[in-house]
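Here is the structure we will look at, set down as structure tokens.
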Amino acid sequence: MSSDSDQVNGVRGVVVSHADLGAALVHAVESITGITGALVPVSNDGCNRATLDERVHAAVGDTPCVVFVDLAGGSCFRSAARLTRDRPGLTVVAGVNLPMLIDFVFQRDASLEDAVKHAVEAGSHGIRVVSH
Amino acid sequence: MRVDDRLIHGQVVVGWGQAVCPDRILLADDEIAESEWERELYRAGVPPDFEVEFTTIEEAAQRVDELMRSAMRTLILVADVHALVRLCNDAPQIREVNLGGLHMDGDRVRKLPYLFLSDEEAGQLRELGERGVTITAQDLPTTTRVPLERLL
């Protein structure tokens, strides 16, 4: 169940990545959409498992949240997925891209489930191949 | 044979995966071997080109002979120096070790950007080195391999 403040703030988005990718993606989303503060970047730089778990845990908070990670099977993915075990209202999406995040920041008033579905579709549709 | 506190992660799957082309990753860790949830987390998302196995340190030591004889290339992963020492004590056939990533924790001191060692860990590695195990630090196949002597 969402409280009133959740409705106002919407679903939280956290982008967990290798190196500076998350921060760069968040910056790009903000400069394209003009929506700031909707996404929080977390980097795995210099982290062991425990410190990355702590960083992700701190960023996720305790309201409905989607954690976007850059690479399935990486340390970012595992830290985020590990949290889902004891944390209802948390969804992890691996393979983040810019179209996915742009879509997400406009869907944060939807339910967690709908926001995830919509963002994943936008991310998939954002992949196009053009050749000669 | 690699020591890396992130165990299976991007550098291992992508960086070393492309360069060394292992057929199998053997993750030797007592806690993970005992937890189905953790095993599932580590298995999830690993490209289908690798087989992933989970064992305790003790089981891994018993498997070393078989792994060395096998036509499959196996990358053995442990999370810390303590686990490495246990494994090498039980499996003296292990002659080469890659230190891939040990991050800041407790009283560790920075040796390289990706390698931090406590005095105790440095002493344990020195001892292994004196027993003839070649120990080098290298996070990725494209970076310089640093011999143990330069880390102590």
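The values are calculated or read from the model by the stated rules, or taken from the named source; none is laboratory data. Predicted model only: the values in this text are computed from it and were never measured. Using ideal geometry, Cβ is built from the backbone for each residue, glycine included, and neighbour counts are taken over all protein chains shown.
Picking from residues in the stretch B:30-70 that are within 16 Å of B:Asp4 (Cβ to Cβ) and in contact with a strand residue (DSSP E or B) (Cβ under 7 Å, 6 or more places away or on another chain), the one that is surrounded by the fewest Cβ atoms within 10 Å (Cβ to Cβ) is B:Val52.
Checking the condition surrounded by 21 or more Cβ atoms within 10 Å (Cβ to Cβ) and within 14 Å of chain B (Cβ to nearest Cβ), which residue from A:Val26, A:Val56, A:Val15 passes? Can you show your working first?
Values: A:Val26 fails: within 14 Å of chain B (Cβ to nearest Cβ); A:Val15 fails: within 14 Å of chain B (Cβ to nearest Cβ).
One residue alone meets the criteria, A:Val56.
Screening A:Ser43 with (1) farther than 17 Å from B:Leu41 by Cα; (2) small (Gly, Ala, Ser); (3) surrounded by 19 or more Cβ atoms within 10 Å (Cβ to Cβ) gives one miss only, at (3).
Residue count for the stretch A:80-110 satisfying the condition of being of a type in the set (S, T, N, Q) and in contact with a strand residue (DSSP E or B) (Cβ under 6 Å, 6 or more places away or on another chain): 2. When B:Ile57, B:Ile76, B:Ile25 are checked against the criterion of being touching a residue at least 60 places away in the same chain (Cβ under 8 Å), under 19 Å from B:Gly100 (Cβ atoms) and out of contact with any His (no Cβ under 8 Å at 6 or more places or on another chain), a single residue qualifies: B:Ile76.
Every condition in (1) among the β-branched types (Val, Ile, Thr); (2) touching a residue at least 40 places away in the same chain (Cβ under 8 Å); (3) in contact with a helix residue (DSSP H, G or I) (Cβ under 8 Å, 6 or more places away or on another chain) holds for A:Thr91 except the one numbered (2). If a residue has to be among the aliphatic types (A, V, I, L, M) and within 14 Å of chain B (Cβ to nearest Cβ) to count, how many in the stretch A:91-102 make the cut? Number satisfying all stated conditions: 4. Just the residues that are closer than 17 Å to A:Asn48 by Cα and small (Gly, Ala, Ser), please, taken from the stretch A:59-93. Residues satisfying the conditions are A:Ala59, A:Gly73, A:Gly74, A:Ser75, A:Ser79, A:Ala80, A:Ala81. Restricted to the stretch B:103-120, and to residues there that are out of contact with any Lys or Arg (no Cβ under 8 Å at 6 or more places or on another chain), free of Cβ contacts under 8 Å to residues at least 40 places away in the same chain and not in a loop (DSSP other than H, G, I, E, B), the residue that is surrounded by the most Cβ atoms within 10 Å (Cβ to Cβ) is B:Leu115. Every condition in (1) modelled with pLDDT of 95 or more; (2) surrounded by 24 or more Cβ atoms within 10 Å (Cβ to Cβ) holds for A:Asp20 except the one numbered (2).
Of all the listed residues (B:Val133, B:Val97), the sole one being within 25 Å of B:Val13 (Cβ to Cβ) and surrounded by 14 or more Cβ atoms within 10 Å (Cβ to Cβ) is B:Val97. Being surrounded by 14 or more Cβ atoms within 10 Å (Cβ to Cβ) and of a type in the set (S, T, N, Q) is not true of A:Ser124. The condition of being more than 21 Å from B:Leu115 (Cβ to Cβ) and modelled with pLDDT under 95 holds for only one of A:Gly61, A:Gly74, that being A:Gly61. Filtering A:Phe77, A:Phe68 for residues that are more than 9 Å from every other protein chain (Cβ to nearest Cβ), touching a strand residue (DSSP E or B) at 6+ places or on another chain (Cβ under 6 Å) and surrounded by 19 or more Cβ atoms within 10 Å (Cβ to Cβ) leaves a single hit, A:Phe68.
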